Amino acid sequence: MTVLLDSTDVVPRLYRRIGLGLRGGELDTIAERSPSDAVSALLDTSIGDDPWAGTDYTVLPGPAGGQRRRLGLLAISAWIDALVDSEQPVDDWLAWFWHGRFVSALTEVKNPQFMVDQIRVLRARGRGSFGELTRAVTIDAAMLLYLDGNDSTAQAPNENYSRELLELFTIGHGAYTEDDVAAGAAALSGWRIDRSTGDPQLRTRRHDSTPRRYLQAEGVHDVNTVVTAIEHNPELAITIAARLAAEIVGPQLDPAVIVRAAAAFTAANLNVDVLLRSLVDEVLAGADGGQVVSGPLLWYVAARRATGAKPEMRDVFPQLRAAGQVPWLAPNVSGWPSGAAWNNAATLVARFALAELIADSTPADSVALTAGDRDQLARALGITTAWSDTTAAALDRLDRPRERLVLALVSPEFVNC
Amino acid sequence: MNPFPPPHSPDATRPEPVTALARRVSRRGLLIGVASAAAASTTGIAVLYAARQTSRSTLAARTSIDRPPAVTTPSTNAATTSTTTTATTTPTTTPTTTATTATTTSPGPIVAGTDRVLVVLQLGGGNDALDTVVPLVGAYHDARPHLALADESLVRLPFGTDYGLHPALAPLGALLTAGQIGIVAGVGFDQPDRSHFKALDMWWSAAPGETFRTGWLGRWLDATTSNDDAVLRSVGLGGSVPALRADTAQSIGVTEVEQFSVSSSATDAALVTAWSMLSPEHAAALEATYTFAGFPTVGAGTPGDEPGSGPTGTGDVTTRLRTAAQLIAAEPRTRVVHVTVGGFDTHAAEAATHQRLLADVAQGIAEFQSAIEASGNAGRTLLVTTSEFGRRVVENGSGGTDHGKAGVQFVIGQGLTSAAFTGAMDLSDLADGDLRPVIDPRSIYASALDWLEGGSASGVTDAVLGGPFERLPFFF
């Protein structure tokens, strides 16, 4: 596909949207490369080191609330730090993206190790076959606990996972019937995890193996046939392409972009990397769906990458919580809101507090603090759009680098990308 | 695709934000000496900030810092009612001519605590109606061999019905006896949807079958708004609140009251001022923080807690309704408070979870009513519950229940004139194994908006809800 735009605008935007944000001064490095080289450097990676290597986060069932909380926060911290430090940011961004789609929450899962293992699945499989990702997530320990598959039996199937698999995780509302939900629940019944290891096992006496009609397919009776039926549903590629496109191209994009990307996704047997590259190519060719509002977590990660800051997590957590976005603690099974929802008062106020924490732990020699004027400050933070008159006027009221950095981090120019 | 549409319209604007803020603040007696609103546009906030910092340090508890000066002349608005002398006058004494009160707001002195307040408590996840208000029939026990509550454990209702309340709701007994609770059974839209998010869209928009655009409370705010409205006229406590989404009216969303502050020790006033200049939403958020800053700390959980439990065992309903009561006492211009809690999606191990959730609901409501009574605001406040659906009649294999159709809701306040039970949960007349909807949620909304507007059927209500809906029999 022809590259029309220069690397000072659209490429940095991609680094922010799917690459977790530029590091201080990295904008200049990108500008020296051709757009295709810069994009290749972003995309041609393979997954990096395990963020949780060497630590066991297992909390066995029981009244261990304090330990569960402590280990849970440690494991979440390790993931956030890994996002900040990632040298393979697209792979790690995709894991975060899938975490917001295939949602599980520590509040229900209880054992932090199972959440760690689920994110490992998302990291390992998030850029490959969507079908294989879905098969793995369906019998993942955290998911079996979060959406009650662990307790679903042939005698009394639990519909929780079956419904959300169709409505939220794959083909979307309107593409299935209540009969499909019931048939899916039966076909997925019988899975139990080992509570100490998380290993899933199919207990045949609890499993309803009756072949059923499901999404226009006949003979569906287990995880594999359920997911195969979903893979063959024409709504799937469109739904997944649309979700990813909203993050990469922008929320108000041309539907034709989604159609083209979905076609490429389908032709590649639902390979996520192909879908991702197809959407990146659309952006490079000029597709523009408007600005993406960074949710609190990715914004926080981008701010740390840009500044080199590392605030104390004990200070950060309450503010991320107030902002409305802590990993593993999504408000419900649909994940987090997006777009203008992040413009609410609670989030604005919490972003301010987080920006102060970041500024206070930014190394003194960071370009984010040594920038001379506001244009240098913008470049230091990877901002390629011009400051608005409003932001410029607000910045000009401040003299101290620390205050100017705080304001720049919460400005629309940095929050939106 | 976003199942929780944003609470704020991204393109909504507030004219001359900082100037407007300064004007409002000035009117409230905190910026005396600032002659020109234009001049106050930026310095005003700094002055306000300094004043607040000073005030905050001397505040042991909530004081009158946020209250407007004593009122000597009623506003035009208040003059149309007969309730200006007392905040606890019940609606039965309110003449029907007050129906247009909310639409005739005009500039003038702010009257403390006469306008009515609606509190909406959303029990997210789909509260199990059958184990909340329990029908005293054998079919209930047949459908739920593990989950059914024993008849003798139920809280008896003071009015003659064939239902009893979950024992965890016992703290509501005094309110029941006082005739301040109405029970609405079999609530649901004609075309119910077992998807959380489709069902929530219907409840939030009150416009089933249409793409979500604005919330029912947002439309009421738009229909009754004026240039003079307070930043905290409508507030969402506990998360994203699409019910408040409006074309123009802004609402303030607050999740963690303890964190809702821009005044850490390291913060300087110049930075706060500059921050508030970034957008109208920033300016409004700043003003809102000053009101909340005066509230005594209430328990809140930390990440990783069990849902609905803070460090002291206090649940989200209780915590957030405490904040709501403080807000109603502190800000006389607040009209709508939407409180969101979750956890009611009880697919598994429902008995213990539901017990804990309902205990929190009961404690929260009982405490809330006591608090607003103590602050003299009980007479002007109505609380209604919502929940996207009830649950399946038959229990599943996990000791829980899956998504169903009709649910049960509560209407609570001193303003109820004939508290009772309306509707039905008929286990002999099910719809696909679910309770059949017999009362449209918009009947609850219509009654609540009528109440909010002064107490009688109103054209504003019907316009907001897109037509006339039958009112509940709890109000005259």
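Can you work out ³J(HN,Hα) from phi for every residue in the range B:376-382, in order, using Karplus 6.51 cos²θ - 1.76 cosθ + 1.60 and θ = phi - 60°, giving whole Hz and x for Gly and Pro?
Going residue by residue, I get x, 10, 5, x, 10, 10, 10 Hz, with x marking Gly and Pro.
Taking the Cα centre of the range B:348-416 as origin, sum charge times position over the Cβ atoms of Lys and Arg (+1) and Asp and Glu (-1), and report the length of that vector in debye to the nearest 20.
Magnitude of the dipole: close to 160 debye.
Taking amide H atoms as placed 1.01 Å from N in the peptide plane, list the residues 5 or more away in sequence, or in a different chain, whose amide H sits under 5 Å from that of B:Ile252.
Hits under the 5 Å cutoff: B:Ser234, B:Val235, B:Gly236.
Using amide H atoms built 1.01 Å from N in the peptide plane, name the residues 5+ places from B:Val134, or on other chains, whose amide H lies under 5 Å from its own.
Placed amide hydrogens put B:Gly164, B:Leu165, B:His166 under 5 Å from B:Val134.
Find the all-direction average of the projected area of the Cα convex hull for chain A, expressing the result in square nanometres with one decimal place.
Quarter of the Cα hull surface area: 20.3 nm².
What order, most packed first, do the peptides A:91-99, A:286-294 have when packing is the mean number of other Cβ atoms within 10 Å of each residue?
The packing order, highest mean first, is A:91-99, A:286-294.
Using a simple charge model, +1 on the beta-carbon of Lys and Arg, -1 on the beta-carbon of Asp and Glu, nothing else, what dipole does the range A:112-267 show about its Cα centre, in debye to the nearest 20?
Around 420 debye, computed over the range A:112-267.
Can you tell me how the range A:186-257 classifies by the Cα gyration tensor, rounded, prolate or oblate, using a/c under 1.5 as the rounded cut?
Taking the square roots of the gyration eigenvalues as a ≥ b ≥ c, the range A:186-257 is oblate.
What percent do you get for the relative contact order of the range A:296-415 when only Cα pairs under 8 Å and 6+ apart count?
That works out to 30 percent.
If you take every residue apart from A:Arg374 with its C-beta less than 14 Å away from the C-beta of A:Arg374, what net charge results, scoring Lys and Arg +1 and Asp and Glu -1?
Spelling it out: positives minus negatives among the neighbours equals -3.
Which peptide among A:398-404, B:162-168, A:330-336 comes first, and what is the full order, when sorted by highest mean count of other Cβ atoms within 10 Å?
In decreasing order of mean packing, A:398-404, B:162-168, A:330-336 become A:330-336, B:162-168, A:398-404.
Cα gyration tensor of the range A:19-78, axes a ≥ b ≥ c as square roots of the eigenvalues: rounded (a/c below 1.5), prolate (a/b > b/c) or oblate?
Prolate is the answer for the range A:19-78, as a/c is 1.5 or above and a/b outweighs b/c.
What's the local net charge at A:Ala359, with K and R +1, D and E -1, over the other residues with C-beta under 13 Å away?
Net charge around A:Ala359: +1.
Do the sum for chain A: with -39,500 (n - 2.57) for every DSSP H run of n ≥ 4, divided by all residues, what is the mean residue ellipticity at 222 nm, to the nearest 500 deg cm²/dmol?
-15500 deg cm²/dmol
Quick one: Karplus J couplings for the range A:277-286, per residue in order, coefficients 6.51, -1.76, 1.60, θ = phi - 60°, nearest Hz, x for Gly and Pro?
So the J values, rounded to whole Hz, are 5, 4, 6, 4, 4, 4, 5, 4, 8, x.
Net charge within 15 Å of A:Ala124 by Cβ-Cβ distance, Lys/Arg positive one each and Asp/Glu negative one each, not counting A:Ala124 itself?
-3
Explain nothing, just the number: dipole magnitude of the range A:296-415 about its Cα centre with +1 on each Lys and Arg Cβ and -1 on each Asp and Glu Cβ, in debye rounded to the nearest 20.
320
Output the relative contact order of chain A, whole-number percent, from Cα pairs under 8 angstrom with separation of 6+ residues.
18
When the Karplus curve 6.51 cos²θ - 1.76 cosθ + 1.60 is applied with θ = phi - 60°, which whole-Hz ³J(HN,Hα) does each residue of the range A:164-178 get, with x for Gly and Pro?
Couplings: 6, 4, 7, 6, 9, 8, 10, 8, x, 4, x, 9, 8, 10, 4 Hz.
For B:Lys198, give me every one of the aspartates and glutamates with a C-alpha distance below 12 angstrom, ignoring sequence neighbours fewer than eight places off in its own chain.
Filter leaves A:Glu167, B:Glu210, B:Glu388.
Amide H of A:Val292 versus every other amide H placed in the peptide plane: which residues, excluding those fewer than 5 positions away on the same chain, fall under 5 Å?
Hits under the 5 Å cutoff: A:Cys417.
Just counting partner chain Cβ atoms within 10 Å, what average do the residues of peptide A:154-166 show around their Cβ?
Averaged over the peptide's residues, the number is 4.
Put one equal scatterer on each alpha carbon of the range A:296-415, apply the Debye formula with no solvent term, and list log10 I(q)/I(0) at q = 0.22 1/Å to two decimals.
The calculated log intensity ratios at q = 0.22 Å⁻¹ are -1.28.
By per-residue mean of other Cβ atoms within 10 Å, what is the highest-first order of A:124-135, B:215-226, A:206-217?
B:215-226, A:124-135, A:206-217
Could you work out the relative contact order of the range A:284-350? I mean the mean sequence separation of Cα pairs under 8 Å and 6+ apart, divided by the number of residues, in percent.
Value for the range A:284-350: 43 percent.
Read-outs throughout are calculated quantities, based only on the coordinates presented, and are distinct from any laboratory measurement. These figures come from a predicted structure and were not determined experimentally. Note: ideal-geometry Cβ built from the backbone for every residue, glycine included; neighbour counts use all protein chains shown.
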